[in-house]
Each structure stands twice: as structure tokens, then as C-alpha cells.
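Down below is the structure, laid out as C-alpha cells.
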Amino acid sequence: MKKTMIPSYALKGYGAKKVIITNDWMGDIEGNWALAVNYLNTSEFTYAFVDVRGYGHSKDINGDFTIDEIASDIFKVADALDWHEFYLVGHSMTGMAAQKAILQDKTNRIKAMVGITPVSSAGFKVDDDTKAFFSQIITNPDVAATGYGMLVSDKLPKIWNLKRAERLHAQTNQAAMKSYMDEWLTKDFSEEMKGTTKPILIIYGEDDLEQWREKGQREAFQQFENVSFSGVSNAGHYPMQQVPIYTVQLMEAHLLAH
């Protein structure tokens, strides 16, 4: 892993098509993608798996811990790799950051985007009790395990919930998690995204929380002019873990088409 004042990243593959993938709010990049990496098309793609500031190998890299910073860091990683053009894959929280990166992309470097169970540019509005529950995920492993179960409709063994919660608390900076949470719950730049023509694929899990299933995603991304949607059955918020081969197939088919 590369560890500098930009987020840390790991490379996989040797293909001409370059892809940057970022982690979600409740997981580091390695923990999220370990089951899927073996099925990547490494002859046509080169992947940079990025831990955003405060997570995984970037746990001790300081920052503002904002959506804007994640978006800016995406370009810093691309610059460090000398990638003038690249594809972008964001998961959940960083699906929102990927949309912000499209806004920041003044020279059209991003060729296409995939959002895996993404938060929309309008944020994820919740009531005070739900926000309090999310806040407890940051500090309480039992609550975090409960949260993971909810994100997959409690269809996985409890050991998965527990191991995910254990890894989350070992691999994250709690101050970063709190800052990011405040961002993706409240930030709204949806008006700026209207008319976006970038090719975007939204991958949703059919067992995810209701707001992240097909109806919610179609409503959240209706202002985009070049967006498509693909559902993954037997998956919730983590299709790259629950149904890794099919998820990779959906993602790479979209990227190869653009």
C-alpha cells in the first residue's frame, strides 16, 4: 500500500482502462472488496482501490473529512498515478462523493461512473432517532453489528454482522466517521447535478434499506440524463461481498460500454 498525504491506494490489474474505487462509510476498501477482487478483468482494467481519509490504510491521514475533500482526493490519486482519464466507482457515502467529483471535473477526465448502493446528491435525510442510531454505530460495536444486519435485511449469519463491526472499529478514525456522517446526512447539491450527461450506472441491492432499493434510487437520480439501474437479488448494501461475481460483471459491462 502507498501511504502519503493523499489517501492510500492499492493497485490491481494491468489494463489500459483505469478505474478508481472508494470505500463506504461503514467499511475500509480491503474489507469491502476482498471477495470480489479475484473476479476482476485485470487484462483490460487497472484498478486503484482507495481508502478515503480516516479509513483502513488512510486511517491516520488527517483531513477535513468532507464529501468535497473525498472528491478532490480522487483527482489527487489520479494525478499521482498519471491517469488523465479514468472511471469512477463510489459505494454508498462515496457514491455521493463521486457525484461531487463529476461537478469538479472541469476537463472531462471521468469517463463514466458506477454508484454501488449510493447516497444521492440530495443526501440521506433521517429523523433525530435514526441519526442517533447512526451516531452509536461509530462508538458501539453491538449497535454497529445491528446496523450491518439491517443493511442486508438480516439475511446473513450473525457472525458476518459481528466481524464487520469488529473490523469497522479497528480500521476507522471515529472523528472522521462522525464528520462524514454529518455530511452525507445533510449535504444537498442536487440542483447542481441537474442535466448531468455523464454515463452513470446505479447498482442497488434488493435487500437493502427501503430508501436504497429500486424505487428510492430511481427517484433520487431522476435529474440525471444518462443513468441506468441494475438490481442485485440476494444482496443488500454490500453486493460486492454478497454477490461478488455478478456485481463485478455489472460494473465492468458498464465501464466497457463507455
Multiplying the sequence separation of residue 228 and residue 214 by 0.36 nm and subtracting their Cα-Cα distance, what value in nm do you get? 3.9 nm
Just report the Cα centroid separation between region 159-181 and region 1-80, whole Å. 17
Tell me, what is a quarter of the convex hull surface for the C-alpha atoms of region 199-254, in nm² with one decimal? 3.5
Going down the list 12/194; 76/198; 158/215; 111/158, which pairs span over 32 Å between their C-alpha atoms? 12/194; 111/158
Over the chain: helical MRE at 222 nm, DSSP H runs n ≥ 4 each giving -39500 (n - 2.57), nearest 500: -12500 deg cm²/dmol
Quick one: if you take sqrt(5λ) for each eigenvalue of the C-alpha gyration tensor of the chain, what semi-axes come out, biggest first, whole angstrom? 24, 20, 19
Once the convex hull of the alpha carbons of region 136-219 is built, what does its volume come to per residue, in cubic angstrom? 126
With 0.36 nm assigned to each residue of separation and the Cα-Cα distance removed, residue 192 to residue 79 gains 38.2 nm
Mind checking the full-extension length gain between residue 125 and residue 14? Use 0.36 nm per residue of separation minus the Cα-Cα distance, one decimal, nm. 35.9 nm
Once Lys and Arg are counted +1 and Asp and Glu -1 for all other residues with Cβ under 13 Å from that of residue 155, the total becomes -3
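A short reminder: the numbers here are calculations on the coordinates, not readings from a lab. Remember, it's a predicted structure, so these values are computed and weren't measured experimentally. Quick reminder, even Gly has a Cβ in these numbers, built from the backbone with ideal geometry, and neighbours come from all protein chains shown.
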